[in-house]
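**Student:** Below: one structure in structure tokens.
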Amino acid sequence: MNAVASAEPTLSIVAQRLLCQPSEEDFRTAPVRLGRHGASSTSASDESKQVLAELFEGLGLPSQYGGGGDGPDVRWRTESHTVILDARRNGRLRLSVRRTAAHEDSESERFLRCAASGPQAGEGELPYLWRYQRIGPFQLAPPTPVAKDWVQLQSALEALLRAWSQHLEMLVGDNDAGFTIDHGDGQLALMVSPRDDVAVFADRRDGTDRDADHLAVMTARGWHSFIPVLSWWEAAFDRTPAGATAAAGLVVKELRARGVRTPGDLRLIRATLGSEGGRLDIPGAGIAVGTSD
């Protein structure tokens, strides 16, 4: 009897209280530490899935999915307060509740500070690298720190692709995430398939595989094949840290080969996740957001 009476409340009960009846003390309290998170450990991945399953069952689907280099960032948002599940560098998931306006104002200031020096995604400076809102009304996109040089751009893209490779499937199942990079005279596209690979595409700006010389150039640059039906070049990489590094490197190499002067000349368009609508923001890509026709 005593053992039952002294049992700690379940995660679902704690989360429901934070969402429905948070106390003043909850807003000041350090986040509750939960299971481990990590892509390299099966047990840590299983713990993350279990935590998410309990929260989804207790609170329903989140208002916002997202994440960064440290792990996922999932939120149940109300006008007054937001319950947040995120991860730290020590690999621990944590749950907290914060006042919505104050927390989002603080994050906006962090984005603006990063805009002065470019994205420092690998160092965890940005609040998150990507954010997906399922249904409206949608929050405005956060300020996007634009990469100052090619090194920063490659680092930003690599960090984003690593994050998607690590926790996209765990959060949104089989839904693919991707975006297009417009450089004014052509386009490249990136896509991460949770159950498949990291893919990079480039339009046929300079020719097709029927030109033997051009085929040799593109193959040497890192492209794997030409897709006649789409008229795009394609390269696919494993959904691993090494694959993310290779994909980001190919994008930068291709842009520079096409004569793009700086990352500031690029625009990010057509960011999508799945086929059910919603809004995908990618402030960690290091590319200014443009408009698609």
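The values are calculated or read from the model by the stated rules, or taken from the named source; none is laboratory data. Because the structure is a prediction, the values reported are computed rather than measured. All Cβ positions, even for glycine, are placed from backbone atoms using ideal geometry, and neighbour counts span all protein chains on display. Accessible surface areas use protein heavy atoms only, side chains included; no ligands, DNA or RNA. Shrake-Rupley method; radii C 1.70, N 1.55, O 1.52, S 1.80 Å.
**Student:** Restrict the check to the stretch 226-238 and report whether at least one residue is touching a Phe, Trp or Tyr at 6+ places or on another chain (Cβ under 9 Å) and touching a residue at least 60 places away in the same chain (Cβ under 8 Å). Give the derivation first.
**Tutor:** Going through the stretch 226-238, the residues touching a Phe, Trp or Tyr at 6+ places or on another chain (Cβ under 9 Å) turn out to be 226-227, 230, 232-235.
Keeping just the survivors that are touching a residue at least 60 places away in the same chain (Cβ under 8 Å) gives none.
No, that holds for no residue.
**Student:** Regarding L153, is this residue among the hydrophobic types (A, V, I, L, M, F, W, C), over 22 Å from Q64 (Cβ atoms) and either open to solvent by 10 Å² or more (accessible area, probe 1.4 Å) or assigned to a helix (DSSP H, G or I) (or both)?
**Tutor:** Yes: the conditions hold for L153.
**Student:** Look through R261, R270, R256 and report the one residue that is closer than 24 Å to D185 by Cα and free of Cβ contacts under 8 Å to residues at least 12 places away in the same chain. First the steps, then the outcome.
**Tutor:** Working: R270 fails: free of Cβ contacts under 8 Å to residues at least 12 places away in the same chain; R256 fails: free of Cβ contacts under 8 Å to residues at least 12 places away in the same chain.
Answer to the check: R261.
**Student:** Out of all the residues in the stretch 219-230, which are surrounded by fewer than 16 Cβ atoms within 10 Å (Cβ to Cβ), in contact with a strand residue (DSSP E or B) (Cβ under 7 Å, 6 or more places away or on another chain) and not hydrophobic (A, V, I, L, M, F, W, C)?
**Tutor:** Scanning the stretch 219-230 gives H224, S225.
**Student:** Quick one: count up the residues across the stretch 76-112 that are aliphatic (A, V, I, L, M) and open to solvent by 50 Å² or more (accessible area, probe 1.4 Å).
**Tutor:** So the count comes out to 3.
**Student:** For residues that are among the aliphatic types (A, V, I, L, M) and more than 24 Å from W223 (Cα to Cα), scanning just the stretch 154-190, find the one that is nearest to the chain's Cα centre (by Cα).
**Tutor:** Within the stretch 154-190, the first condition is being among the aliphatic types (A, V, I, L, M), and the residues that meet it are 156-157, 159-161, 163, 168, 170-172, 177, 181, 188-190.
If we keep only those that are more than 24 Å from W223 (Cα to Cα) as well, we get 168, 170-172.
Details: L168: 8, M170: 12, L171: 11, V172: 12 Å.
Checking each candidate, the answer is L168.
**Student:** Now for a different question. Restricted to the stretch 49-103, and to residues that are under 13 Å from A15 (Cβ atoms) and of a type in the set (D, E, K, R), which residue is nearest to the chain's Cα centre (by Cα)?
**Tutor:** Within the stretch 49-103, the match that is nearest to the chain's Cα centre (by Cα) is R75.
Per-residue answers, yes or no, for (1) assigned to a helix (DSSP H, G or I); (2) modelled with pLDDT under 90:
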site: A5; (1), (2): yes, yes
site: P9; (1), (2): no, yes
site: L19; (1), (2): yes, no
site: G35; (1), (2): no, yes
site: G38; (1), (2): no, yes
site: A44; (1), (2): yes, yes
site: S48; (1), (2): yes, yes
site: L55; (1), (2): yes, no
site: P62; (1), (2): no, no
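**Student:** Suppose we filter the stretch 238-292 for residues that are open to solvent by 20 Å² or more (accessible area, probe 1.4 Å) and within 21 Å of H167 (Cβ to Cβ); how many remain?
**Tutor:** Residues flagged as open to solvent by 20 Å² or more (accessible area, probe 1.4 Å) and within 21 Å of H167 (Cβ to Cβ) within the stretch 238-292 amount to 14.
**Student:** Among the residues of the stretch 159-195, write down those that are of a type in the set (D, E, K, R), in contact with a Gly (Cβ under 8 Å, 6 or more places away or on another chain) and either buried (at least 24 other Cβ atoms within 10 Å of the Cβ) or part of a helix (DSSP H, G or I) (or both).
**Tutor:** R162
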